[in-house]
1. Mind checking whether some residue in segment 321-331 is farther than 20 Å from Ile281 by Cβ, touching a strand residue (DSSP E or B) at 6+ places or on another chain (Cβ under 9 Å) and either surrounded by fewer than 21 Cβ atoms within 10 Å (Cβ to Cβ) or touching a residue at least 40 places away in the same chain (Cβ under 8 Å) (or both)?
2. Only one residue in Leu356, Leu324, Leu339, Leu377 is out of contact with any Asp or Glu (no Cβ under 6 Å at 6 or more places or on another chain), at pLDDT 90 or above and hydrophobic (A, V, I, L, M, F, W, C). Which one?
3. State whether one or more residues within segment 415-433 are touching an Asp or Glu at 6+ places or on another chain (Cβ under 8 Å), modelled with pLDDT under 95 and either closer than 20 Å to Tyr386 by Cβ or not aliphatic (A, V, I, L, M) (or both).
4. If a residue must be among the acidic types (Asp, Glu) and over 21 Å from Ile711 (Cβ atoms), how many such residues does segment 637-669 contain?
5. Among the residues of segment 68-79, is any modelled with pLDDT under 95 and surrounded by 20 or more Cβ atoms within 10 Å (Cβ to Cβ)?
6. Are there any pairs, at least 6 apart or on different chains, whose C-beta atoms fall under 9 Å, with the first in segment 174-198 and farther than 13 Å from Glu98 by Cβ and the second of a type in the set (Gly, Ala, Ser) and assigned to a strand (DSSP E or B), and if so, which?
7. Which condition does Ile582 not pass, out of (1) assigned to a helix (DSSP H, G or I); (2) touching a Ser or Thr at 6+ places or on another chain (Cβ under 8 Å); (3) open to solvent by less than 50 Å² (accessible area, probe 1.4 Å), if it passes all the others?
Amino acid sequence: MALRLVADFDLRKDVLPWLRAQRAASAAPGAGAGDVLETNYESLRVLNVERNGNIIYNYKDDERNIVFGLYDCQTRKNQHLYTFEKDLQVVSCSVNREKTLLAASLVKSTEEGRRNELQPGSKCLTLLVEIHPVNNVKVLKAVDSYIWVQFLYLHVESHPLPQNQLLLISEEKYIEQFHIQVTQEDGNRVVIKNSDHLPRHRIAEDFVWTQWDMTEQRLYYIDLEKSRSILKCLQFYADQSCDLMVNQEKLCKYLTLCVFTNHTGSLCVCYSPKFDSWEQITYSVFYFHKGYSKTFTAALGSAGSHGTQGITFLNLERYVAVYLPGHFFHLLNIQHPDLICHSLFLTENNKTNDMLPHSSFQSLSGSLVLDWYSGRLYRAFLDQSYLLRFLWNTSLDCEKMAILHCVLSCGQDPQFLEGQIIQWISENVSACHSFDLIQEFIIASSYWSIYAKTSNVDTILPYSSVLTWNTEIPGITLVTEEIELPLMKVHSFKGYWEKLNSNLDYVKYAKPYLCYNNSVVKREWHNLISEEVCMRQGEQKPRLTLLLQEEDNHQKLLLGLMVSELREHLLRHLQGVEKKKIEQMVLDYVSKLLDLICHLVETCWRRHDLQSSVLHFNRPRSAAEFEVFHIMTRILEATNSLFLPLPPGFHTLHTILGVHCLPLHNLLDYIDNGVLLLTETAVTRLIKDLDNSEKNEKLKFSILVRLPPLIGQKICRVWDHPMSSNIISRTHVTQLLQNYKKQSRNSMMDKSSFSVEFLPLNYFIEILTDLESSSQALCDFEGHDNVDAQFIQEAALKHTTMLLDL
């Protein structure tokens, strides 16, 4: 299953054994928390999860008294908090950070099965209790409507706050905040100060829906103002609060809402209307941090698999899971929701109907999921093993794309996961038709490697190689609409609000698109090549295999250009980030690109069990070489279209495999069209390894005439052939005569040194000898001293003999 739930807490395992031990250790009847009978197990239930992870639960003892307990998630120990000696039902409960005060909302007990329903005429008591030690009880409210209570856990550095803050949310549609000061008496005894006159004020009235975020200490509610529904958020800090307002009329129609946020500054509102038909279901997600909403319509498949439970929304940080038991599981990409292919939609055909229990879940912050029915608190993870297996088996491009991003963004072991994906790519390089698999992997993996170090790159580094997606996703359709952006009233932007504000500014002002595009490198590259500018770049390279260790000036130039342009781009758009950190980010990003390409080549090499002997030309070719050559060609195509640099030695290895695998006419086509780039290392090895048979001479001549002049001159020096001697002679003469000026001279030559009396040639050789003696610096052949006038004369005579067919 794509989602894995790991239990952080289980009432039956973490609380029940302790209660039994307490009962066994208690000899006296009516022993409070320890007096639990086997028949009372069903009364044990979770009431609340506080910000620090502590879990409040309650149960009924033998005498039907209500008992409150607390499970400390840090120490993994239980603690008895308080016992109400009455047969009551608990609506809500909360304890303060210091565990000195307990607030509870209770109603009179009703018949079994309706324990949480308030009967007409009954009273709901909201109580504030001193529990360190147990002392006074103060009635905060006595009304006919439910009250929900919650202590605020505000961030403080070291010392406790001078007063406790308690929220009361009434079914009568108002929200109050109590300010409770405490004092110590008789040592450590904590009592409420001035308990008869507790300060309070109303935060909101006439709301129609609320949601509490216990981790971030935020209260969301929908307020009705002049027939408009406005989603509001109150963020509670130790010294202030901040407001967020979203004017969205659609929200008032659907009171079953979920608001999800994460540290990247995302703000999503998910809702689904009640559905009457089991043929399809509609649900919507408002991506307020992106400025649009998406409404999805999913087909429900077989009509016989009806269920009583509606849609469940789960917050998984970078994703939101939309789950309908027995029908579908939709993993929505929250951080990059633009394209539907970056979200994963699985139906009952993918065996998702038993993925999660058919239970009542509540999604909490930090990927926590509370199952009220079983009393378990889960931590939700994307199951990497399942996703990798699914990647190997699925045939849909949209699912491959979505899973690729799921695995890379949420994986706990990036290097292992990258290795698994590369293994899959090496065996399925041509499996995708809607996008380039190698491009997508390189771009996505490089993005997440940098994102792990700084989350400021969301909008300025490419997340995907795909900019549009027009292919239909089976089983689901969507409609995208622009929405009104939120309005924030914040004293100072910090933390989440700073991120959200940055996202909103990007939506409002980012013209043109700010994401880095390597096309600027392409323009600069062509300018440099046309101007024949040489650039030295001393940046570090990633680890390379022994097969790929080589100097490559062209790739070094391209790499330097990309480093320079990317540095300028990040410096321009990452305001407030140190220049040194940005420079390191650039080096890490480019190094990651090269390392991924190396890893791809190495994996293919090992998979086909190629040996170092492949690097020599005087050996028979194999089918494995064809496979590796094909994959390297695909890598080259992927990087060329994105204008990305390649590791040093890539072109040499690719050319050697090309010579092995391709017929001569195809090989020359690949060279002429730029698919194969001739390097000095590859051609030198070819010249040395192959003899001068007729077939090999034809190959060598065909390659030699396609080499750049400088490389061609070097290759001629290592090829013992009349044609190479002719080329060396011509080049040498050309260099000597470039600055030649005719002048009178007395011949000082020893004519006996020449074997033929051909006056024009003798005069020409005399000039060359004189030039050589006067300017040895013009000779550009380092380490090659046998290029002299006599060598040129012999080469000229031999070439003339060949031309005249003598």
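The values are calculated or read from the model by the stated rules, or taken from the named source; none is laboratory data. The structure presented is a predicted model; accordingly, all values stated were derived computationally and were not measured. FYI the Cβ positions are ideal-geometry reconstructions off the backbone, even for glycines, and counts take in every protein chain you see. Areas reflect the complete protein model, heavy atoms only, side chains present, ligands, DNA and RNA absent. Shrake-Rupley method; radii C 1.70, N 1.55, O 1.52, S 1.80 Å.
1. no
2. Leu339
3. Checking segment 415-433: at least one residue is touching an Asp or Glu at 6+ places or on another chain (Cβ under 8 Å), modelled with pLDDT under 95 and either closer than 20 Å to Tyr386 by Cβ or not aliphatic (A, V, I, L, M) (or both).
4. Number of matching residues: 1.
5. no
6. Tyr174/Ala204; Ile175/Ala204; Glu176/Ser170; Phe178/Ala103
7. (2)
Residues checked against (1) open to solvent by less than 20 Å² (accessible area, probe 1.4 Å); (2) free of Cβ contacts under 8 Å to residues at least 60 places away in the same chain; (3) closer than 25 Å to Thr312 by Cβ:
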site	(1), (2), (3)
Ser374	no, no, yes
Phe381	no, no, yes
Phe390	no, no, yes
Ala402	yes, no, yes
Gln420	no, yes, no
Ser426	yes, no, no
Cys432	yes, yes, no
Ser449	no, no, no
